[in-house]
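Next up is a structure, given as C-alpha cells.
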Amino acid sequence: MPTNNQLTQVSSRGTGNSWCRAPLDRQIQLNNQTITLEEVARFLALIKCDARVVVPNRMTKQRWGVARISRNEVVLYRCSVWVFLHEVAHMLTPGCGHGPKFGEKLDALQMVWQVVEAAGMV
Ligand SMILES: [Zn+2]
C-alpha cells in the first residue's frame, strides 16, 4: 500500500459525481479518509461484490481510480474511501457513466459504508 499522506481535498473538484446526493462535506471527508486493502476486502464481501482491487505502485495525479469492468477489477491510485466507493459504483452500474443510476448507487454505497463503519465492521 502506498502512503496516503497527501490525501487532502478542500473543494469539490475531482470528485466526479455530479449525480451523487451525498453532501459535499461528506464527500470531502470520505475522500480524505484512507482505506486499507483489508477494509476493501471486508466491505466488498459485505456487499457481495467479487471485484478485484489493485493498488499500483505507480501513482498518477490525473486519475484517482479506474473501474475496469470487463476485467472485474478496480484500480486505486488514491486509496481513499470516496475513490473506492466511486469505482465500486461504476462496477455495479456498467455503462451508466456518471448518470443518475451511478449517483444513486454511490449514495447507497456511502450509506452502507456509514453503517458498517459505525458498527466497526470495516
Ligand atoms: Zn467515475
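Which order do the peptides 44-55, 79-90 take when ranked by the mean count of other beta-carbon atoms within 10 Å per residue, highest first?
79-90, 44-55
Roughly how many nanometres apart are two label points built 7 Å out from the Cα toward the Cβ at LEU24 and LYS101?
2.9
To continue, here is another question. Name the residues whose placed amide hydrogens come within less than 5 Å of the amide hydrogen of GLY65, ignoring near sequence neighbours (fewer than 5 apart) on the same chain.
TYR77
Cα atoms only: what Rg and Dmax, in Å, come out for segment 24-118?
12.3, 33
No lab work stands behind these numbers, since they all come straight from the coordinates. Everything numeric here is computed off the predicted structure, so don't read it as measured data. Please note: Cβ atoms are built from the backbone with ideal geometry, for glycine as well, and neighbour counts cover all protein chains shown.
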